[in-house]
Amino acid sequence: MAAKELAERVNGWASEDLHKVVHPKEGLLASAPDQNFGVFFGRDAAISSMFLMDVYEGHPERADLLKPVRNSLVTMAIYQGKMVNQFNDEEPGRIIHEKREEDGYTDNEDGYRRNQEILDRLEANNWPVEGERGKRNMYAFPSIDSTPLFISTTSRYLSITKDVK
């Protein structure tokens, strides 16, 4: 099999799997919602967005690839740090590393239970889980690269789309 054919096959598989990691409002998740990391991670969303923009530039007919990029950037902007909080490493302007909520992104009871178990485990290991059981959230900001990746990804997105809304 020629390299070009292999690349096209891999691109096809990736395109088929893309829907598994795209949340309709928040953008790109780190993995499918039923997995341990099926939540929003700023770094992962920014890097994946860069790859989607690469594909889009080679296939401008695939404008659908830009929606999860935009949604990811909006999510990062909404959850951008607003105060100094040593518990979760939040600082003004810092981009979120991980956003995990107890209800998660799943509709079924097994997904809800799994997300509760993950939060229990994180909380037991002194991760920044806040709130009472049933309404717990974890917004963590410890990554050093989420903020520059957000800036770089946003800049590239704006230069490609001119979308400033």
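The values are calculated or read from the model by the stated rules, or taken from the named source; none is laboratory data. Quick caveat: nothing in here was measured; it's all calculated off a predicted structure. Neighbour counts run over all protein chains shown; Cβ positions are idealised from the backbone, glycine included. These accessible areas exclude ligands, DNA and RNA; they are computed on the full protein's heavy atoms, side chains included. Shrake-Rupley method; radii C 1.70, N 1.55, O 1.52, S 1.80 Å.
From the protein chains alone at 1.4 Å, what is the descending order of accessible area for ILE47, ILE96, largest first?
Details: ILE47 65, ILE96 0 Å².
Putting ILE47, ILE96 in descending order of accessible area: ILE47, ILE96.
The residues packed around GLN35, meaning those with a beta-carbon under 12 Å from its beta-carbon, carry a net charge of +1 if Lys and Arg are +1 and Asp and Glu are -1.
Below 8 Å between Cα atoms, with a sequence gap of 6+, how large is the relative contact order for the chain in percent?
Values: 250 pairs, mean separation 35.5, N = 165.
Rounded, it is 22 percent for the chain.
Accessible surface for segment 6-89, divided over its residues, is 57 Å² per residue with a 1.4 Å probe.
From the Kirkwood radius over Cα pairs of the chain, Stokes-Einstein at 20 °C and 1.002 mPa s returns a whole-number translational diffusion coefficient of 127 µm²/s. The amide H of LEU28, built 1.01 Å from its N in the peptide plane, has HIS23, SER72 as neighbours under 5 Å, considering only residues 5 or more places off or on other chains. Ranked by the mean number of other Cβ atoms within 10 Å of their residues, highest first, the peptides 130-141, 31-42, 56-67 come out as 31-42, 130-141, 56-67. In the chain, the calculated helix contribution to ellipticity at 222 nm averages -15500 deg cm²/dmol per residue, counting -39,500 (n - 2.57) for every DSSP H run with n ≥ 4. First select every other residue whose beta carbon is under 11 angstrom from the beta carbon of LYS135; then total the charges, Lys and Arg +1, Asp and Glu -1. With Lys, Arg at +1 and Asp, Glu at -1, the neighbours total -3.
Placing +1 on the Cβ of every Lys and Arg and -1 on the Cβ of every Asp and Glu, with no other charges, gives segment 25-165 a dipole of roughly 460 debye about its Cα centre. Using a probe radius of 1.4 angstrom, the carbon and sulfur fraction of the accessible surface of segment 1-147 is 53%.
Suppose every Lys and Arg Cβ carries +1 and every Asp and Glu Cβ carries -1, with no other charges. What dipole size does segment 1-45 come out with about its Cα centre, to the nearest 20 debye? Numbers along the way, then the final one.
Numbers: 5 positive and 7 negative charges, 20 e Å.
So the magnitude is around 100 debye.
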